[in-house]
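> What follows is a structure written as structure tokens; I'll ask about it next.
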Amino acid sequence: MQVTLPDGSELELEDGATGADAARAIGEGLARAALAVRQDGQVRDLSAPLVDGAPLEIVTAKSPDALELIRHDAAHVLATAVTELYPGTKVSIGPPIDDGFYYDFEFPEGATVGEGDFERIEAGMREHIKADERFERTDIPATEALKRFLEEDQPYKVELIEDLIRDQGVETVSLYRNGPFVDLCRGPHGPSTKRIKAFKLTSVAGAYWRGDEKRQMLTRIYGTAFLSQEDLEEHLERLEQARARDHRKLGRELGLFMFSELSPGSPFWQPAGMPIWNELTGLWRDENERRGYKEVRTPILYDVELWKQSGHWDKYRDHMYFTDVEERAMGLKPMNCPAHIQIYKEERRSYRDLPIRYSEAGLVHRHEPSGVLHGLLRVRHITQDDAHIFCTEEQVEEEVIACLDFGFFLYEIFGFDPRLELSTRPPVRIGTDEMWDAAEEALEAALRHRGLEYELNEGDGAFYGPKIDLHMTDSIGRPWQLGTVQLDYSMPDRFGLEYTGADNAEHRPVMIHRALLGSFERFIGILIEHYAGEFPLWLAPVQAVVLPIADRHLEYAGRVRDELAAAGLRVELDERTESVGKKIRDAEVRKVPHMLVVGDREQEAGRVSLRRHREGDVGAVEVSELAKDLAAEVAERRAPSAQKDLS
RNA sequence: GCCGGAGUAGCUCAACCGGUAGAGCAGCCGCCUUGUAAGCGGCAGGCUAGGGGUUCGAGUCCCCUCUCCGGCUCCA
């Protein structure tokens, strides 16, 4: 047989040769370094026979495939140690993931495993790695595997095999053995356990079997593995740095917002946080106006009759807050759409009025399950940058495109690059199939005509319509949804919305629900992490602080402060009788972008010594010029020239 | 909501096997009048999340509740 190597050369091998044979034929060093092979885009075991005539690539520690391979190996080693330490443990699945691996177990009755047990488990894993146990693959008939796992009382493996047989008509399955542990596994694996050069267990968590909350909760152990100790340490270092930009930590340190046990999931905005809020809502307001939206403001509490009519009562009740003062049942709004519908219905509408675009920084309350609350990123008190567009069917595509463009305009300001998802009809929904067909088609057309890439998320739409969502990730890579553009043919129907057409007949408008930042709470949370608390000037809570050196400079310092304030800047004067070093340190810790030191020299020259956050001393500048420059930078809402590295 | 973990001064963290709750920073008072990341000294600060229990004695052990953290499910 013959295979082609990456450099184009041909390698002649005996029939039935394996990856290991090929590596050896090329060189002893490579044979030692080889972890697996890649052929036809697939990674395979070194021990697997090669495909005749196909290009061959030897996977070594340098290959992009290597990490995934050894992490998968590590997951098996984890299961090996765990089943030894906790006899009777039932194993389920253990895949590699983005930055590590996990394995889900059902521990024997009464046993709980926490992070305190990691040391023992890791010690067990190290034993197996030291023993350099080979990963041996055997292909056996599915029925035989079924029998084996039934005998071993491994119900999760049994279920997996049963499903493989039933859904995919699988006849043979592969088992992998390393030391005493045998697992049902598709592979591939590295040659032996010793190739896992560095690993660490990171956390333990509950996870539903097959992600189904109605099924058994298993114990998931997370870990990570690398090809060298240095890589592992670097990874842990990165995690450490990511934690430093956690918005909850920065929010507390910078005095931006807080939470109280007395109102879980509801942020309290502290003085330093308000400028961010106000600047952001200001930007939102300016742009809405420029794009033809009319701002409205609506109540938060409504008769439950409204929620019954909108369908929220049926589909969303569990997430709503209710109250019945004086025997009248009322509910806090979880969405703004029914409120905007009331305004639409207040007058007769003509086709000449459409599209009508209502925007509102709408305060909604959603009873999010207690376990999911997460700083500003998942709250119960949500201020959406909401808007509802009432338009004709012909106008839908154009309006959707305008929404997306609006979104990209906003994200551009912050240097965000969101990911798009198109979500289609969910199993539980209102409206007819014809409505859903039209709505899904319209959204797809808008995406297609703008040439935008998106992921398809079938069955994930809102209960009243399909949607396009815009996603971002936080400092440690967790994805969060920001904006959403949702199409709705149902709500206008339920509320009997109409407009008079050119034909003098009544027609039904289409509604577009649209939030671009998502919610101001979440967006600010993402911003804090994105900027690591070092906001661009227009968002900085305090834009400049004047630092007099001694008491005799207080008066001049006050004049400097006033001049900058007159230019519209948020500026403070540090009047404390502290050393300059101390005042500078405090301003640096607060991440104030500009520090203006004034002493005898500056006072005499009518200047300030400018120090920039993280940059240090810049030198003396004219006060009037500085005021002008800073005001201009604020007016442009200029993004920072480049994202600075955290060090 | 589910699984696991945690909750000690405003913040960050100590407190051995159950034996008088302690430090740094922040705060307050004084001194220092200060030149680019912490000047010096003193004082004050606690129902150890809340409630119940075991014990001569509980921050520490047990039970319940609340909140937070990491996941899962769900979600802007």
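The values are calculated or read from the model by the stated rules, or taken from the named source; none is laboratory data. Keep in mind it's a predicted model, so treat the numbers as computed, not measured. Don't worry about glycine lacking a Cβ; one is built from the backbone with ideal geometry, like all the others, and counts go over all protein chains shown.
> Can you go through A:551, A:586 and tell me which one is surrounded by fewer than 20 Cβ atoms within 10 Å (Cβ to Cβ), more than 42 Å from the chain's Cα centre (by Cα) and either within 24 Å of residue A:276 (Cα to Cα) or acidic (Asp, Glu) (or both)?
It is A:551.
> Only residues that are closer than 21 Å to residue A:525 by Cβ and surrounded by fewer than 20 Cβ atoms within 10 Å (Cβ to Cβ): list them for segment A:381-405, please.
Within segment A:381-405, just A:381 meets the criteria.
> Need pairs with beta-carbon distance below 9 Å; first residue among the hydroxyl-bearing types (Ser, Thr, Tyr) and within segment A:253-265, second within 8 Å of RNA strand B (Cβ to nearest atom); sequence gap 6+ or separate chains.
A:263/A:380
Matching residues to (1) part of a helix (DSSP H, G or I); (2) without any contact (Cβ under 8 Å) to a residue 12 or more places away in the chain; (3) hydrophobic (A, V, I, L, M, F, W, C):
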{"position": "A:326", "(1), (2), (3)": "yes, yes, no"}
{"position": "A:331", "(1), (2), (3)": "no, no, no"}
{"position": "A:334", "(1), (2), (3)": "no, no, no"}
{"position": "A:343", "(1), (2), (3)": "yes, no, yes"}
{"position": "A:354", "(1), (2), (3)": "no, no, yes"}
{"position": "A:359", "(1), (2), (3)": "no, no, no"}
{"position": "A:364", "(1), (2), (3)": "no, no, yes"}
{"position": "A:368", "(1), (2), (3)": "no, no, no"}
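> I want to confirm something. Restricting to segment A:309-321 and keeping residues that are of a type outside the set (Ser, Thr, Tyr) and surrounded by 14 or more Cβ atoms within 10 Å (Cβ to Cβ), which single residue is farthest from the chain's Cα centre (by Cα)?
Ranking the candidates gives A:309 first.
> Scan segment A:106-116 and give yes if some residue there is of a type in the set (A, V, I, L, M), loosely packed, with under 14 Cβ neighbours inside 10 Å and on the phi < 0 side of the Ramachandran plot, otherwise no. Steps first, answer last, please.
To start, the set of residues in segment A:106-116 that are of a type in the set (A, V, I, L, M) comprises A:111, A:113.
Of the ones still in play, those that are also loosely packed, with under 14 Cβ neighbours inside 10 Å are none.
Looking through segment A:106-116, none of the residues is of a type in the set (A, V, I, L, M), loosely packed, with under 14 Cβ neighbours inside 10 Å and on the phi < 0 side of the Ramachandran plot.
Condition check ((1) at pLDDT below 90; (2) near RNA strand B (Cβ under 10 Å from one of its atoms); (3) on the phi < 0 side of the Ramachandran plot; (4) out of contact with any strand residue (DSSP E or B) (no Cβ under 8 Å at 6 or more places or on another chain)) across all residues:
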residue	(1), (2), (3), (4)
A:212	no, yes, yes, yes
A:227	no, no, yes, no
A:245	no, no, yes, yes
A:257	no, no, yes, no
A:262	no, yes, yes, yes
A:268	no, no, yes, no
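> If you don't mind, there's one more thing I want to ask. Would you confirm, using the coordinates I've provided, whether residue A:458 is buried (at least 18 other Cβ atoms within 10 Å of the Cβ) and either of a type outside the set (A, V, I, L, M) or within 14 Å of RNA strand B (Cβ to nearest atom) (or both)?
The answer is no for residue A:458.
> Please state which one of A:10, A:14, A:28, A:68 is within 39 Å of the chain's Cα centre (by Cα) and among the acidic types (Asp, Glu).
Exactly one of A:10, A:14, A:28, A:68 is within 39 Å of the chain's Cα centre (by Cα) and among the acidic types (Asp, Glu), namely A:68.
> If a residue has to be loosely packed, with under 13 Cβ neighbours inside 10 Å and either in a helix (DSSP H, G or I) or not assigned by TED's automatic domain parsing to the domain that holds residue A:184 (or both) to count, how many in segment A:152-161 make the cut?
0
> Does residue A:202 satisfy the condition of being within 16 Å of RNA strand B (Cβ to nearest atom), under 30 Å from residue A:70 (Cβ atoms) and buried (at least 17 other Cβ atoms within 10 Å of the Cβ)?
yes
> When residue A:597 is evaluated against the numbered criteria (1) under 25 Å from residue A:245 (Cβ atoms); (2) within 8 Å of RNA strand B (Cβ to nearest atom); (3) surrounded by 20 or more Cβ atoms within 10 Å (Cβ to Cβ), which criterion, by number, is the only one it fails?
The number of the failed condition is (1).
> Still on this structure: Does residue A:317 count as closer than 30 Å to residue A:268 by Cβ, touching a residue at least 12 places away in the same chain (Cβ under 8 Å) and assigned by TED's automatic domain parsing to the domain that holds residue A:268?
no
> So, of the residues in segment A:469-514 that are among the acidic types (Asp, Glu), part of a loop (DSSP other than H, G, I, E, B) and at pLDDT 90 or above, which turns out to be farthest from RNA strand B (Cβ to nearest atom)? So that I can check it myself, show each step before the final result.
Of all residues in segment A:469-514, those among the acidic types (Asp, Glu) come to A:469, A:474, A:488, A:493, A:498, A:503, A:506.
Now restrict to residues that are part of a loop (DSSP other than H, G, I, E, B): A:474, A:498, A:503.
Still in the running and at pLDDT 90 or above: A:498, A:503.
On the way: A:498: 27, A:503: 36 Å.
Step by step, filter segment A:469-514, then rank; the result is A:503.
> Quick test for you: out of A:631, A:620, A:627, pick the one residue that is assigned by TED's automatic domain parsing to the domain that holds residue A:549 and either within 9 Å of RNA strand B (Cβ to nearest atom) or at pLDDT below 95 (or both).
Working: A:631 fails: either within 9 Å of RNA strand B (Cβ to nearest atom) or at pLDDT below 95 (or both); A:627 fails: either within 9 Å of RNA strand B (Cβ to nearest atom) or at pLDDT below 95 (or both).
Selected residue: A:620, the only one of A:631, A:620, A:627 that is assigned by TED's automatic domain parsing to the domain that holds residue A:549 and either within 9 Å of RNA strand B (Cβ to nearest atom) or at pLDDT below 95 (or both).
> Would you call residue A:241 in contact with a strand residue (DSSP E or B) (Cβ under 6 Å, 6 or more places away or on another chain), away from RNA strand B (no atom under 14 Å from the Cβ) and closer than 30 Å to residue A:198 by Cβ?
no
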